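Below: one structure, written as structure tokens.
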Amino acid sequence: MEPAQKTPQLHCLNSPEEEHQFTTVLNIDGGGIRGIIPGVILSFLESELQKLDGDDARIADYFDVVAGTSTGGLITAMLTAPNESNRPVLSASDIAPFYMEHGPKIFPYLPEPLIVVKQLIEPKYDGIYLHRQIKELLKETKLHQTLTNVVISTFDIKLLQPTIFSSYQLAADASLDAQLADICIGTSAAPTILPAYYFETRDPRGQVRSFNLIDGGVTTNNSTLLAITEVTRGVILEKASSPATTSAIDFSNFVVLSLGTGVPKKDNRYDAATVAKWGALGWIFGAPKAIPLLDVFTDASADMIDFYVCTIFSALQAEDNYLRIQDDTLHIDEASVDDSTTANLENLQRIGEALLQKPVSRVNLRTGIYEPVRNGGTNQNALVKFARKLSEERHRKLAKRTIK
């Protein structure tokens, strides 16, 4: 028997007489094999939480919502899907090893001439191994069974519109209660890299809904703003169904950790004189070890989301409630989404470890450029503080539930 569908925890509804509470949000960007980088960051954060609250502490215990796209969607599911003991199927320390073990089989080596010819007529990889591993790991777990609220973005190529699998929308739309494995396969189906994915759901009334999905990165590679929006939509829906709920949404009560998977250093790889000569093939194959069109989509959407969120928290004078950790200095070879050679996998691990030692940075709202925060310390320092805040917030919420 499946567990009863959970009611989303909308922790940002604070009336004046209620004890102050935060809505804690975790976002993980897309980026293929570069999921190793946020895996390293999350492993460090979880280890700090375990120092505070014991070895059984897991990421899902501390975040009201976990959001992700593509490889970030897969990590989201691995951190929040329950095992037989109703604990996450993987700990954060398992994420990077998962990519190290399975990456070479998900993205097997192909000779360079074969890659070009193959991608002209079909996806670069067939996805069979990836699909099998996801289904073995997540089994038949459905969206409503996750240990905390999740938001995973996809794009329905038949409808030409985003499809967002969100815990906050299940009460209003039961057709979204798909198996996590299907959602993960859909959100990771990057055009030219992996095949589009079709599946169906059946709601309690027996109505069938079809999904024709590709990578959520074409919608938003950085789901931070989407996660905040989904919490807000959930609040609006709750207000609609409960007219007595009158509390305003206080966005300064959000505490957000947003993790990138690394992007190439903006080193003028493209220029108008070059791209002006490109047709369709140029936009796909016009740059070495990159797909320019995908670079444009993913980089632009991720940068704009970070800009929007930074603006919101700055306007609220709550900058310390938003921590974005991203490496924007990758070499083009390191930025590959599917280079699963041992050398590259080990290098990505080192990049994640080095990122912990880099200074906390924030986008300059005037220039759009990442700059170190004055007296902000390192990302590792910031995560130690973030862990304390998460622990305090969790204990506050647990105490409140106990009193009730």
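The values are calculated or read from the model by the stated rules, or taken from the named source; none is laboratory data. As the structure is a prediction and not an experimental result, all values here were calculated from the model. When we count neighbours, we look across all protein chains shown, and the Cβ atoms used for this are built from the backbone with ideal geometry, even at glycine. Please note that ligands, DNA and RNA were not included when accessible areas were found on the heavy atoms of the full protein model with its side chains. Shrake-Rupley method; radii C 1.70, N 1.55, O 1.52, S 1.80 Å.
Conditions tested, residue by residue: (1) under 23 Å from Gly260 (Cβ atoms); (2) of a type in the set (A, V, I, L, M, F, W, C).
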position: Ile164; (1), (2): yes, yes
position: Ser167; (1), (2): no, no
position: Ala178; (1), (2): no, yes
position: Tyr198; (1), (2): no, no
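Taking the listed residues Glu371, Glu353, Glu393, Glu346, the one that is open to solvent by 30 Å² or more (accessible area, probe 1.4 Å) and more than 18 Å from Gly35 (Cβ to Cβ) is Glu371, with no other qualifying. One residue alone among Asp338, Asp328, Asp333 is open to solvent by less than 50 Å² (accessible area, probe 1.4 Å), under 30 Å from Leu294 (Cβ atoms) and acidic (Asp, Glu), and that residue is Asp338. Screening Ala302 with (1) touching an Asp or Glu at 6+ places or on another chain (Cβ under 7 Å); (2) touching a residue at least 60 places away in the same chain (Cβ under 8 Å); (3) open to solvent by 60 Å² or more (accessible area, probe 1.4 Å) gives one miss only, at (3).
For the stretch 361-389, a residue qualifies if it is in contact with a strand residue (DSSP E or B) (Cβ under 7 Å, 6 or more places away or on another chain), in contact (Cβ under 8 Å) with a residue 12 or more places away in the chain, under 14 Å from Cys310 (Cα atoms) and assigned to a loop (DSSP other than H, G, I, E, B), and exactly one does: Val373.
Please tell me if Gly127 is among the small types (Gly, Ala, Ser), over 16 Å from the mean Cα position of the chain (by Cα) and buried (at least 21 other Cβ atoms within 10 Å of the Cβ). So Gly127 fails the test. One residue stands out among those in the stretch 222-239 that are open to solvent by less than 20 Å² (accessible area, probe 1.4 Å) and of a type outside the set (Val, Ile, Thr): the one that is farthest from Asp299 (Cα to Cα), which is Gly234.
Before we move on, is Phe155 among the aromatic types (Phe, Trp, Tyr), within 20 Å of Asp203 (Cα to Cα) and crowded, with 21+ Cβ neighbours inside 10 Å?
On the way: among the aromatic types (Phe, Trp, Tyr): yes; within 20 Å of Asp203 (Cα to Cα): no; crowded, with 21+ Cβ neighbours inside 10 Å: yes.
Judged against the criteria, Phe155 is not a match.
Of the helices (runs of 4 or more DSSP H) entirely within the stretch 100-219, those holding at least 1 residues that are touching a Ser or Thr at 6+ places or on another chain (Cβ under 8 Å) and closer than 30 Å to Tyr62 by Cβ occupy 128-138, 180-187.
Cβ-Cβ contacts under 6 Å between residues 6 or more apart (or on different chains), taken from a first residue in the stretch 263-284 that is open to solvent by 70 Å² or more (accessible area, probe 1.4 Å) to a second residue that is in a loop (DSSP other than H, G, I, E, B), are listed as Lys265/Thr329.
Filter the stretch 295-352 down to residues that are outside any helix (DSSP H, G or I) and among the polar types (S, T, N, Q) and give me whichever is modelled with the lowest pLDDT.
Here the residue is Gln317.
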